[in-house]
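To start, the structure itself, in structure tokens.
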Amino acid sequence: MLKLLVMLASIANCAGGVVLIATWVTMWQRVPIIVLFIGASLLIQGAYTILYLRGDLDRWGDLATGALFAGEGLSACVGAGGLIQGIIHNMNTADMEMAPVLAGLLMLVQAVLTLLYLLLTNRLRPSLSTRRSASP
């Protein structure tokens, strides 16, 4: 069930990333370039997680898991920061920009779900093949 939730959150991130990228591409004169970078971040986060869950990165072993863990940990921090900043901005101004709030929420939710998935499925433990002793 958790794997399905992570997959759905990843698909939502990819969709949100594509929407933000398309928004910047069609209105680049009026939309700040940060929208493009946030969209790319959402798309990369979602796509990497989908590839990981499908097993397409299994040949990389623990490296793929470590990269997912590090990326999702960073995404959780960035998403939480974006969410908080978006809420504070909306409280202090009358324009009520919801895109930064939603982008931060998407990033944070997927990161938390993925980190829970890694923790609950014991994916964070190194595989037995990499726990060899260095002594002869």
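The values are calculated or read from the model by the stated rules, or taken from the named source; none is laboratory data. Source: prediction; values computed, not measured. Ideal geometry is used to build each Cβ from the backbone, glycine not excepted, and the neighbour counts take in all protein chains shown. These accessible areas exclude ligands, DNA and RNA; they are computed on the full protein's heavy atoms, side chains included. Shrake-Rupley method; radii C 1.70, N 1.55, O 1.52, S 1.80 Å.
Structural remarks
- Picking from residues in the stretch 23-43 that are assigned to a helix (DSSP H, G or I) and of a type in the set (A, V, I, L, M), the one that is surrounded by the most Cβ atoms within 10 Å (Cβ to Cβ) is Leu42.
- Residue within the stretch 100-112 that is on the phi < 0 side of the Ramachandran plot, open to solvent by less than 90 Å² (accessible area, probe 1.4 Å), at pLDDT 85 or above and touching a Phe, Trp or Tyr at 6+ places or on another chain (Cβ under 8 Å) present: no
- Only one entry of Gly55, Gly46, Gly61, Gly79 meets the criterion of being under 11 Å from the mean Cα position of the chain (by Cα) and either in contact (Cβ under 8 Å) with a residue 60 or more places away in the chain or surrounded by fewer than 12 Cβ atoms within 10 Å (Cβ to Cβ) (or both), and that entry is Gly46.
- Residue count for the stretch 80-106, restricted to those that are in contact with a helix residue (DSSP H, G or I) (Cβ under 9 Å, 6 or more places away or on another chain) and either assigned to a helix (DSSP H, G or I) or β-branched (Val, Ile, Thr) (or both): 18.
- Residue within the stretch 85-98 that is among the aliphatic types (A, V, I, L, M) and open to solvent by less than 60 Å² (accessible area, probe 1.4 Å) present: no
- For the stretch 1-17, residues that are aliphatic (A, V, I, L, M) and surrounded by 15 or more Cβ atoms within 10 Å (Cβ to Cβ) total 6.
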